[in-house]
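Asker: I have a structure here, written as structure tokens, and I will follow up with some questions on it.
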Amino acid sequence: MHQPPVTILDKQFSIYLPERKILQSVEILAARLSHDYQGKQPLFLSVLNGSFMFASDLMKEISIDCEISFIRLSSYADMQSTGKVKEIIGLKEEIKGRHVVILEDIVDTGHTIAGLLPQLHAKEPASVEIATLLLKPDSLQHRIEIKYAALSIANDFVVGYGLDYNGLGRNLRDIYKVL
Ligand code: IMP
């Protein structure tokens, strides 16, 4: 079916990843995670706001015992060599000894994840991995292993399925890229 472009604020976006393709990829990722974390009762940490839709669809396909919690990252920061470090807000769970899987909407430069990982490691988890809906491999500026990526994409700005442009577009079922 032809999908017309959408306009958000000053930009036009064209269809890029239809919902069907997204859900297929999420299902494959969920099967991998269910296999790899069998018997480990992983704790998924969904990073708000962007990952809410991904986290919801992923969880429905996870077939092993698991928990999920939701965190945010502060917008203020202290400066480090990597740039701004955002602090974790809202983490109530005991992390020590747990197998943690961070759920992200998109890993672009990797600054966000690079700032988050040391904060989690300081809490002595048994393991930490990253599961992201989208990865922009050409944009990544850190030596971090993104073990689980549902889809790799080119270096385009995208919206929809939880991802926003200035707060808008999160409600779109499909993912669109800027024209
Ligand atoms: P990073 O720190 O550069 O890896 O970027 C991570 C964050 O930037 C994501 O969690 C998004 O909130 C935002 N972001 C990066 N690329 C895009 C995009 O193409 N569309 C919408 N948000 C994006």
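Asker: Output the number of residues of the range 15-50 satisfying the condition of being polar (S, T, N, Q) and open to solvent by 30 Å² or more (accessible area, probe 1.4 Å).
Answerer: Looking only at that region, the number is 4.
Asker: So A126 clears everything in (1) among the aliphatic types (A, V, I, L, M); (2) open to solvent by 30 Å² or more (accessible area, probe 1.4 Å); (3) within 11 Å of the ligand (Cβ to nearest atom) except one condition, right? Which one?
Answerer: (3)
Asker: Another one. Considering only residues that are in contact with a strand residue (DSSP E or B) (Cβ under 8 Å, 6 or more places away or on another chain) and open to solvent by 60 Å² or more (accessible area, probe 1.4 Å), which ones fall in the range 109-123?
Answerer: Residues satisfying the conditions are H111, H121.
Asker: Residues of the range 93-108 being surrounded by fewer than 20 Cβ atoms within 10 Å (Cβ to Cβ) and assigned to a strand (DSSP E or B), which ones?
Answerer: Correct list: H99 only.
Asker: Which one of E61, E67 is surrounded by 15 or more Cβ atoms within 10 Å (Cβ to Cβ) and either modelled with pLDDT of 95 or more or basic (K, R) (or both)?
Answerer: E61
The values are calculated or read from the model by the stated rules, or taken from the named source; none is laboratory data. Treat the numbers as computed from the prediction; the structure is a model and nothing was measured. Positions of Cβ are generated from backbone atoms using ideal geometry, with glycine treated the same way; all protein chains shown enter the neighbour counts. SASA here: full protein model, heavy atoms, side chains in, ligands and nucleic acids out. Shrake-Rupley method; radii C 1.70, N 1.55, O 1.52, S 1.80 Å.
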